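Comments concern the structure below.
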Amino acid sequence: MKKRIIIALSVLLLLGTSAFALAEGNPLQAQEKEINKEFAALIPADKIVDVNQFFQVYQDVMAGKKKAYLIDVRTVPEFEAFHIEGTDHINSGYMYTIPKKITDPNAEIYIWCRTSHRAKYVTGFLYKYGYKNVYLYNGGVVGWAAAGHPFVNKYTGKFKITEYRKHPSDAENSFRIR
């Protein structure tokens, strides 16, 4: 009998706390969105570039006509799966290492991720650190793929993604490679 009462009370407690959590929504998720907006607001509007602007910068840097740091801030597995050829990688979780690697506060730096969420944090932090010439590539690898530009990895070489499916948090996730 005692066992049943303890189980019943445990179930009620679990259901009660679950219902409370669901009723409240997720305040941490809402707060994260607000903080992301704060970091995005640190980025001057003229320092946000689209895929066409970034592609031109990329071509100029690769041709040696321009000096700039091109930094992908996705995770290591994401970068190793595919990335834009010739670009650098610093995981967004290690953005604090950038001032050790790029000591010129006037250096031209371009930051991107899968879309732009993590890149906004990193770009905003770089402005807080004191950098003055940081650009957010607002489109990321998703925009690069949609524009038909190639990627590379150490296993397959160059390839294009011809169909992009949204991230698992958006629904499904797969890439078709040709």
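Yes/no per residue for (1) more than 18 Å from I43 (Cα to Cα); (2) surrounded by fewer than 17 Cβ atoms within 10 Å (Cβ to Cβ):
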{"residue": "I84", "(1), (2)": "yes, no"}
{"residue": "I90", "(1), (2)": "yes, no"}
{"residue": "G93", "(1), (2)": "yes, yes"}
{"residue": "T97", "(1), (2)": "yes, yes"}
{"residue": "K100", "(1), (2)": "yes, yes"}
{"residue": "N106", "(1), (2)": "no, yes"}
{"residue": "W112", "(1), (2)": "no, no"}
{"residue": "S116", "(1), (2)": "no, no"}
{"residue": "A119", "(1), (2)": "no, no"}
Candidates A63, A41, filtered to the one that is among the small types (G, A, S) and either at pLDDT below 95 or under 18 Å from the mean Cα position of the chain (by Cα) (or both): A41
Per the filter on segment 62-82, residues surrounded by 18 or more Cβ atoms within 10 Å (Cβ to Cβ) and either out of contact with any His (no Cβ under 9 Å at 6 or more places or on another chain) or more than 19 Å from L136 (Cα to Cα) (or both) are Y69, L70, F82
Considering residues of segment 72-93 that are hydrophobic (A, V, I, L, M, F, W, C) and either part of a helix (DSSP H, G or I) or not assigned by TED's automatic domain parsing to the domain that holds W144 (or both) only, the residue nearest to F159 (Cα to Cα): A81
I need every pair where a residue in segment 131-154 that is touching a residue at least 24 places away in the same chain (Cβ under 8 Å) has its Cβ under 9 Å from the Cβ of a residue that is of a type in the set (K, R) and part of a strand (DSSP E or B), sequence separation at least 6 or different chains. P150/K158; F151/K158; V152/K158
Return a yes/no flag: does segment 49-71 have any residue that is hydroxyl-bearing (S, T, Y), outside any helix (DSSP H, G or I) and touching a strand residue (DSSP E or B) at 6+ places or on another chain (Cβ under 7 Å). yes
Tell me the residue from Q53, Q29 that is at pLDDT below 95 and either over 21 Å from G124 (Cα atoms) or within 20 Å of the chain's Cα centre (by Cα) (or both), please. Q29
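Results for (1) outside any strand (DSSP E or B); (2) touching a strand residue (DSSP E or B) at 6+ places or on another chain (Cβ under 8 Å); (3) within 20 Å of Y58 (Cα to Cα), shown as yes or no for each residue.
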{"residue": "M95", "(1), (2), (3)": "yes, no, no"}
{"residue": "P99", "(1), (2), (3)": "yes, no, no"}
{"residue": "T103", "(1), (2), (3)": "yes, no, no"}
{"residue": "N106", "(1), (2), (3)": "yes, no, yes"}
{"residue": "I111", "(1), (2), (3)": "no, yes, yes"}
{"residue": "T115", "(1), (2), (3)": "yes, no, yes"}
{"residue": "V122", "(1), (2), (3)": "yes, yes, yes"}
{"residue": "F125", "(1), (2), (3)": "yes, no, no"}
{"residue": "K132", "(1), (2), (3)": "yes, no, yes"}
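The values are calculated or read from the model by the stated rules, or taken from the named source; none is laboratory data. Every value quoted in this text rests on a predicted model; they were computed, and no experiment measured them. Cβ: placed from backbone, ideal geometry, glycine included. Neighbour counts: every protein chain shown.
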